[in-house]
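The values are calculated or read from the model by the stated rules, or taken from the named source; none is laboratory data. No experiment lies behind these values; they were computed from the predicted model shown. No Cβ is skipped: glycine too gets one built from the backbone with ideal geometry, and neighbour counts run over all protein chains shown.
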Amino acid sequence: MDSDSNPPLHEAYEMLLNKTRNSNEQSGCDDDKVVVVVVEDTELAVINVRHLAESDEVRREKCKSEIAKASEEWGFFQIVNHGISNDVFSGLRVEREKIFQQTFEKKSKENTFFNFSADSYSWGAPSATCIRQLSWSEAFHIPLTDILGSSESNTFSSTIKEFATEVSTLAKTLADILAEKMGQKCSLFEENCLPSSCYFRLNRYPPCPLASEIHGLQPHTDSSFLTILHQDEVGGLQIMKDGKWIAVKPNPDALLIIIGDLFQAWSNGVYKSLQHRVVTNPRLERFSMAYFFCPSNDTVIRSCTEKSEYRNFSFGEYMQEVRDDVQKLGYKIGLPKFLIR
């Protein structure tokens, strides 16, 4: 990709490096206290969701049980035969690269694609206080309403609208299954997880000459109910499980489902929101696209069980805590702040 397109990540690195050298204060930069081992190319559960549409009740229930089990044990699983065609993904790849190939100035100040606002674009980590908190990446954060409500008629808008419609239906289907397997038949998702509260994130991870020092995306959990991720073949996603960083082998035919913080709180810890990160690659750029299934800000998250580890909170309150912590500390704390002590 043209150098004019890349965000000034090298400059940010040098600034943080100098700041570290000139300061004796290292607080907030000790995120590597525990020595962890990477287990390469681990295969996550692959679930054929075509069985959900079958007339055979036994097969349907088996598929639902596989989804719940993977959410309990890993908080991550892959789905195939999800109904979104390869043509849609091919179109998205082409259009996504066009977006990121714009000059950095256009992306950050006067973006012309899809009438994106300037604040939809982000890069690095503006609140980073040390090198370990710098993310070697750039992204577009796009509310779903900006996609479905747009009057644009270009190839990008039509392709992403098709994907948005289908992935929204898929997210609600998966959320309803997870609620059902907790013995709950509720209208939580139907009433609160609307296009006005869900969003997309288009990610690009440039080649990084400092791959051993910097994350593509620093360790975190997702703040959504669940995330649906489409990634390319480069790899780099890793999950923290049982004290180890486990590398997820890319599957070009699958979508990756990630359980978020809200489902962990709602299920009282039955479904797991695991920490994950993206590592950088010294030679190859990596692309991914994530759909975040979120409720409205005033939606109250309360456990579906009688005794809960977490206090009730609104999604707006949760996100404000996340923003405050990132601004103050350079990283997210998340659910531990909402535990009943």
All but one of (1) buried (at least 17 other Cβ atoms within 10 Å of the Cβ); (2) hydrophobic (A, V, I, L, M, F, W, C); (3) over 13 Å from the mean Cα position of the chain (by Cα); (4) more than 12 Å from residue 278 (Cα to Cα) hold for residue 194, so report the exception by its number. (1)
Please indicate, with yes or no, whether at least one residue in the range 198-208 is touching a strand residue (DSSP E or B) at 6+ places or on another chain (Cβ under 6 Å), polar (S, T, N, Q), outside any loop (DSSP other than H, G, I, E, B) and modelled with pLDDT under 95. no
Selection status of residue 280, modelled with pLDDT under 95 and of a type in the set (S, T, N, Q): yes
Of all residues in the range 321-341, count the ones that are farther than 13 Å from residue 301 by Cβ, at pLDDT 90 or above and not in a helix (DSSP H, G or I). 4
Name the residue, out of 18, 24, 6, 48, that is at pLDDT 70 or above and loosely packed, with under 11 Cβ neighbours inside 10 Å. 18
Yes/no for residue 309 being without any contact (Cβ under 8 Å) to a residue 40 or more places away in the chain and either surrounded by fewer than 22 Cβ atoms within 10 Å (Cβ to Cβ) or closer than 27 Å to residue 185 by Cα (or both): no
Only listed residue being touching a helix residue (DSSP H, G or I) at 6+ places or on another chain (Cβ under 9 Å) and β-branched (Val, Ile, Thr), chosen from 248, 270: 270
Sort out for me the strands (runs of 3 or more DSSP E) sitting completely within the range 56-147 that have 2 or more residues that are at pLDDT below 90. 138-143
Can you confirm whether the range 118-134 contains a residue that is under 26 Å from residue 226 (Cβ atoms), buried (at least 19 other Cβ atoms within 10 Å of the Cβ) and more than 18 Å from the chain's Cα centre (by Cα)? no
Is one or more of the residues making up the range 317-324 of a type in the set (Phe, Trp, Tyr), buried (at least 18 other Cβ atoms within 10 Å of the Cβ) and under 22 Å from residue 138 (Cα atoms)? no
